[in-house]
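Asker: Sharing a structure, written as structure tokens. Questions coming.
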């Protein structure tokens with residue numbers, strides 16, 4: 001059996017494909033409260049519908065099925081179903097004590113899907129990225145307009161929650177960690193702090209990938225940073241890749257990806273939404289439409305990793321993978337000094 005390629009080597013060879021939206025795919029299953037609860041949480045005191053990360057415990061077969069659909073579509077990297085799976089966000093469901101367990105389960109499900117795919121497709125190498133989302137509380141902004149100095153959470157609390165999440169993902173067997181959809185760089189710094197501390201404490205090192213989100217036409221994050229400022233703020237993490245995802249569709253993301261490709265010393269990633277949401281909050285961009293726009297980034301030599309965020313499906317990922325495979329990945333700049 002051929003030895004599995006390293007994630008770094010895949011980046012060196014071609015444009016790498018990330019999976020698409022997990023939430024969009026979960027919606028296709030039309031799960032009700034009973035399916036979210038399963039047997040174990042049948043009598044849980046709060047509503048659980050919408051707690052997608054919990055499905056790693058109550059509906060693991062559905063999560064694995066979604067991972068396999070993305071792998072079939074051509075994804076090289078699948079993300080764990082852990083976008084909100086840290087204690088601070090899980091508090092909404094009174095489930096903060098389950099954070100570690102959910103992350104271990106999510107990583108194991110994704111790992112099993114990747115391993116199954118590799119077994120049935122000899123010679124392929126598939127990778128699991130542990131997803132660390134932005135959290136539902138922010139360190140840079142006050143939730144109370146009348147008290148601009150107030151914060152709902154402290155840096156130490158955020159770092160501790162991310163540390164527990166990283167531990168679960170690492171114990172479950174992820175290949176990399178993806179700090180994603182960053183709208184507050186201070187939250188991201190707490191995540192980076194937690195990741196680095198975990199690596200030191202356990203004498204391991206995994207590739208770290210970082211992806212921010214530009215929230216509007218101003219070209220800034222929600223907490224007010226320009227793209228260049230954001231990049232400089234997190235470059236100390238020595239990430240494998242840095243990029244943008246979510247908020248904007250590919251068309252609106254274009255100038256920002258171009259800028260990032262010119263300043264980043266590492267690989268550049270891009271996984272946009274399927275356009276901008278319509279009046280119903282749904283995404284209208286077809287797989288063909290989206291692939292054509294992402295293909296332009298590849299043609300210009302701006303990207304190393306592409307995939308999809310909100311509204312994207314295996315159909316989108318397959319179209320994107322097919323569209324970019326004829327292009328060379330962005331070349332890393334020669335750093336002076």
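The values are calculated or read from the model by the stated rules, or taken from the named source; none is laboratory data. Keep in mind the model is a prediction, meaning the values are calculated, not measured. Neighbour counts are summed over all protein chains in view; Cβ atoms, including those assigned to glycine, are modelled from backbone coordinates with ideal geometry.
Asker: Give the residue, chosen from 16, 10, that is buried (at least 19 other Cβ atoms within 10 Å of the Cβ), over 17 Å from the mean Cα position of the chain (by Cα) and closer than 22 Å to residue 132 by Cβ.
Answerer: One residue alone meets the criteria, 10.
Asker: Would you please list the contacts, defined by Cβ atoms under 8 Å and residues six or more apart or on different chains, that run from a residue in region 68-93 that is without any contact (Cβ under 8 Å) to a residue 40 or more places away in the chain to a residue that is crowded, with 21+ Cβ neighbours inside 10 Å and assigned to a loop (DSSP other than H, G, I, E, B)?
Answerer: Listed by first residue and then by second, the contacts come to 90/51; 90/84.
Asker: Additional query: I'm checking my understanding of the structure. Among residues of region 266-296 that are in contact with a helix residue (DSSP H, G or I) (Cβ under 7 Å, 6 or more places away or on another chain) and in contact (Cβ under 8 Å) with a residue 40 or more places away in the chain, which one is nearest to residue 182 (Cα to Cα)?
Answerer: 268
Asker: Restricting to region 68-105, name every residue that is touching a helix residue (DSSP H, G or I) at 6+ places or on another chain (Cβ under 7 Å) and on the phi > 0 side of the Ramachandran plot.
Answerer: The one that is touching a helix residue (DSSP H, G or I) at 6+ places or on another chain (Cβ under 7 Å) and on the phi > 0 side of the Ramachandran plot: 74.
Asker: Give the residue that is farthest from the chain's Cα centre (by Cα), with candidates limited to residues of region 264-278 that are surrounded by fewer than 24 Cβ atoms within 10 Å (Cβ to Cβ) and at pLDDT below 95.
Answerer: Selected residue: 278.
Asker: Hey, could you check region 190-204 for residues that are touching a helix residue (DSSP H, G or I) at 6+ places or on another chain (Cβ under 7 Å) and in contact (Cβ under 8 Å) with a residue 40 or more places away in the chain and say which is farthest from residue 216 (Cα to Cα)?
Answerer: Filtering first and then ranking leaves 195.
Asker: Just need a number here: residues in region 28-54 that are over 18 Å from the mean Cα position of the chain (by Cα) and in a helix (DSSP H, G or I).
Answerer: Summing the residues that are over 18 Å from the mean Cα position of the chain (by Cα) and in a helix (DSSP H, G or I) in region 28-54 gives 6.
Asker: Yes or no: residue 314 over 17 Å from the mean Cα position of the chain (by Cα), modelled with pLDDT of 95 or more and either buried (at least 20 other Cβ atoms within 10 Å of the Cβ) or under 19 Å from residue 134 (Cβ atoms) (or both)?
Answerer: no
Asker: Only strands (runs of 3 or more DSSP E) wholly contained in region 111-230 count here; list those with 1 or more residues that are exposed (fewer than 14 other Cβ atoms within 10 Å of the Cβ) and on the phi > 0 side of the Ramachandran plot.
Answerer: Counting at least 1 such residues, we get no strands (runs of 3 or more DSSP E) at all.
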